[in-house]
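In what follows, a single structure is set out as structure tokens and then discussed.
What follows is calculated from the coordinates using simple rules that are stated; it is not laboratory data. Keep in mind that this is a model prediction, so the values were computed, not measured. Note that each Cβ is placed from the backbone with ideal geometry, even for glycine, and that neighbours are counted across all protein chains shown.
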Amino acid sequence: MFKKICEISAFKRENKTVDIVRRLGVITADKIHLKKYPKDNPVTVFNPGLVLVDSELKIYARIVLGYFTYASAVAEITIPIEEVENSNTFPGHYSAEIVVFPDNRYDIWGVEDPRVYRLDDRILMTYCGRTVSYFDPRKRVERTLPITAYKENRKWKKVYVFRMPKETRNFVVSDKDAFLVKTKNGLKLFHRPHLKDENFYLTISDVDINGELGYDGLKEVTIRNTVLAYEPAEFEDRIGWGASPIKIEKEYLFLIHAVDKELKFYRVFALLMNEDLEVVSVSPYYIMEPREIYEVYGDRPYTIFPCGAELIDDRIIVSYGAADSAVGLGEIKVDEIMAILDKNRC
């Protein structure tokens, strides 16, 4: 359905893992104390976005307060970077504020899996909204959609919900794992639609947003010129975008999560694109997989789900969901991941 921009056969990939991510620590729901909410702790916390602001890590974690509908919201947690680097103080107990929650037809059943990143001089969040159709058995269309909000004066304002063109919307079961990137060829939405053919597509689309970011109210935006960025290997059931990319000189470094075809385990590999968004390298093996007990066992066993990444000096701090039950933080050395990718360039 979508035009390809890369042939998967151009890159050698093996079904094995060489885990290069140093675990920094894990935050569980009992360590999180919600402000201005009668329930002190969430039931669970996971799949966190991440952004560095004035030497502090702002973690935007998906929280759930009860299991009846699993309706998620996003809570903001602030941790000084030096605390993360000190194993004697991290993790501690943290105050958290619910900052984005269900409030419209596009996200009424949940605000999920936020990617938080900078675009020009703004901090943006693109999350997966569970729409009004999510639990409706009569409507297996657009059950989830990407929604973007931006932060202004400490508040998050929802401004755009992204939809496929009208002629293809009835084929879209859901659309998630999304974020915006400003490229030399314009603004692009990276996203992962699930279509009625029961396939999941790693795609990039053009986005036209007229005027300054800051539309007063939530506006529908029709994406266009969707292309297929990369395809799963024969041993994978599906793949999806992880965190928004890290710019390394003139290339974009992406973390991609992959679901094993047989066991349904989640693992992570790296993908490198040039400024024309052409895939120039893929790690020849997975660089991260569930290994700690909190990654192996939880609400979703054997799951590593990266949503945030920040470049700090010569390393990348990664925030990820662990077994849908905890927030994990890890560290990747830039020279190590680039050495792996340099050996597998096309």
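Values computed for the structure shown
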item	result
Criterion: surrounded by fewer than 20 Cβ atoms within 10 Å (Cβ to Cβ) and touching a residue at least 40 places away in the same chain (Cβ under 8 Å) - qualifying residue of Tyr134, Tyr127, Tyr150, Tyr160	Tyr150
Odd one out for Val221 among (1) more than 22 Å from Asn104 (Cβ to Cβ); (2) in contact (Cβ under 8 Å) with a residue 40 or more places away in the chain	(1)
Some residue of the stretch 32-50 being in contact with a Lys or Arg (Cβ under 8 Å, 6 or more places away or on another chain), under 30 Å from Pro232 (Cβ atoms) and among the hydroxyl-bearing types (Ser, Thr, Tyr)	no
Hits in the stretch 44-65 (condition: in a strand (DSSP E or B) and without any contact (Cβ under 8 Å) to a residue 40 or more places away in the chain)	Glu56, Ile63, Val64
Entirely in the stretch 230-346, the strands (runs of 3 or more DSSP E) that have 2 or more residues that are buried (at least 19 other Cβ atoms within 10 Å of the Cβ) and more than 16 Å from the chain's Cα centre (by Cα)	266-273, 279-282
Selection status of Glu167, under 19 Å from Ile223 (Cα atoms), free of Cβ contacts under 8 Å to residues at least 12 places away in the same chain and of a type in the set (Asp, Glu)	yes
Hits in the stretch 66-88 - residues which are part of a loop (DSSP other than H, G, I, E, B) and out of contact with any Phe, Trp or Tyr (no Cβ under 8 Å at 6 or more places or on another chain)	Gly66, Tyr67, Phe68, Tyr70, Glu85, Asn86, Ser87, Asn88
Odd one out for Glu167 among (1) surrounded by fewer than 14 Cβ atoms within 10 Å (Cβ to Cβ); (2) touching a strand residue (DSSP E or B) at 6+ places or on another chain (Cβ under 8 Å)	(2)
Any pair with Cβ under 8 angstrom, 6 or more apart, that starts in the stretch 28-43 at a residue that is under 14 Å from Glu76 (Cα atoms) and ends at one that is among the charged types (D, E, K, R) and in a loop (DSSP other than H, G, I, E, B)	His33/Asp40; Leu34/Asp40
